[in-house]
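Scroll down for the structure; my scribbles are underneath it.
The values are calculated or read from the model by the stated rules, or taken from the named source; none is laboratory data. Everything numeric here is computed off the predicted structure, so don't read it as measured data. Quick reminder, even Gly has a Cβ in these numbers, built from the backbone with ideal geometry, and neighbours come from all protein chains shown. For accessibility, only protein heavy atoms count, side chains too; no ligands or nucleic acids. Shrake-Rupley method; radii C 1.70, N 1.55, O 1.52, S 1.80 Å.
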Amino acid sequence: MLNVAIIGVGRVGGALALSLPSDRYRIAYLVDRTLVDITNIAAELSFAVVSSDAEVLALGSPDVVLITTQDTELKDAVHALVGKITRSTIFHTSGSTPSSILEPFKAGGNAIGSIHPLVSISSAELGPERFPGAFFCIEGDEKAVEIGKQIATDLGGRPFTIDTKFKTLYHASAVTACGHLVALFDAAVEMMTKCGLSVNEATEILLPLVTSTVRNLEHQSTAAALTGTFARADTETLTRHLTALNENVSDDLLEIYLLLGERSLELAARQGVSPERIDKMRSKVAVAKSKLKW
């Protein structure tokens, strides 16, 4: 059984505390600066030492330390903890920060790594429900990667590894797939409201379309899942779109449409649409882009 210390017991830290199988992990320490978020978690883990002072870690030797503070507080947490932990495997759970930020811990004989659950956790109590089936990005020292994979597997997750130098790029990809998807949907809703529909009506109408597209991506490549005007390299429809967009929406929304259109044409090319049709479409997009106000 591994003794675990969790530093910064917010949503992710609390979710891990509640989700790690009790027959393999013992939550020995819960450390949080304010103790505000620890109360309910601690009630479920009566054997854990609860403290607002990281000095408590010097009293024991946790096998695994999970630093689950917010990204903006990670550097300060590392500074506060260096020298207090020895011969442990130390992880942080930041999505955008590589494990190299934990380098100062190596002087104490610690292994370092990061373990990032690629899932949305809005409250600690959702951990046991959300972790199973989720992908976990693991990177760091060889020993840390090995233990990180086991932790992810024990949570019911699916671990994968990347080189430490690509950690931030990995996170940018995740933001594009998730956060930017929401922003794109918001842009589509705004376009739809220009047709006289309310935001709620536009959302209700567009959501099934987005859902069906995501389902297609579960079984098809991005090129095969592409449908619509750009998948066909339909210049006539594009022309009508541009006229409508110029008359009804801002340049910002038009630019989003055109930039994504260029990417869609790359997918259409992979589908085997004729180069002549794609080149004609690209020329039309390029002319429209040149007319935007910069």
Point to revise | Selection within region 154-209 - open to solvent by 70 Å² or more (accessible area, probe 1.4 Å), charged (D, E, K, R), assigned to a helix (DSSP H, G or I) and more than 27 Å from residue 250 (Cα to Cα) | key: 165
Review point. Among all residue pairs at least 6 apart or on different chains, which show Cβ distances below 8 Å where the first residue, located in region 116-140, is under 17 Å from residue 163 (Cβ atoms) and touching a residue at least 12 places away in the same chain (Cβ under 8 Å) and the second is assigned to a strand (DSSP E or B) and polar (S, T, N, Q)?
Key: 137/114; 137/161; 138/114; 138/161; 139/114; 139/161; 140/114
Check your understanding: Within the bounds of region 184-195, is there any residue that is closer than 21 Å to residue 225 by Cβ, out of contact with any strand residue (DSSP E or B) (no Cβ under 7 Å at 6 or more places or on another chain) and free of Cβ contacts under 8 Å to residues at least 60 places away in the same chain?
Key -> yes
Check your understanding: Could you say whether any residue in region 254-261 is among the hydroxyl-bearing types (Ser, Thr, Tyr), touching a Lys or Arg at 6+ places or on another chain (Cβ under 6 Å) and either closer than 25 Å to residue 177 by Cα or touching a residue at least 40 places away in the same chain (Cβ under 8 Å) (or both)?
Key -> no
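Taking helices (runs of 4 or more DSSP H) that fall entirely within region 217-281, which contain at least 2 residues that are among the hydroxyl-bearing types (Ser, Thr, Tyr)? Break it down stepwise before answering.
On the way: elements: 222-225, 229-232, 235-248, 251-271.
Passing ranges, in order: 235-248, 251-271.
Test residue 246 against the stated conditions and say whether it is under 25 Å from residue 190 (Cα atoms) and open to solvent by 80 Å² or more (accessible area, probe 1.4 Å).
Working: under 25 Å from residue 190 (Cα atoms): yes; open to solvent by 80 Å² or more (accessible area, probe 1.4 Å): yes.
It is true that residue 246 is under 25 Å from residue 190 (Cα atoms) and open to solvent by 80 Å² or more (accessible area, probe 1.4 Å).
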**Study point:** Subset of region 132-153 (residues that are open to solvent by less than 30 Å² (accessible area, probe 1.4 Å) and either touching a Pro at 6+ places or on another chain (Cβ under 6 Å) or modelled with pLDDT under 95 (or both))
**Key:** 134, 136, 138, 152
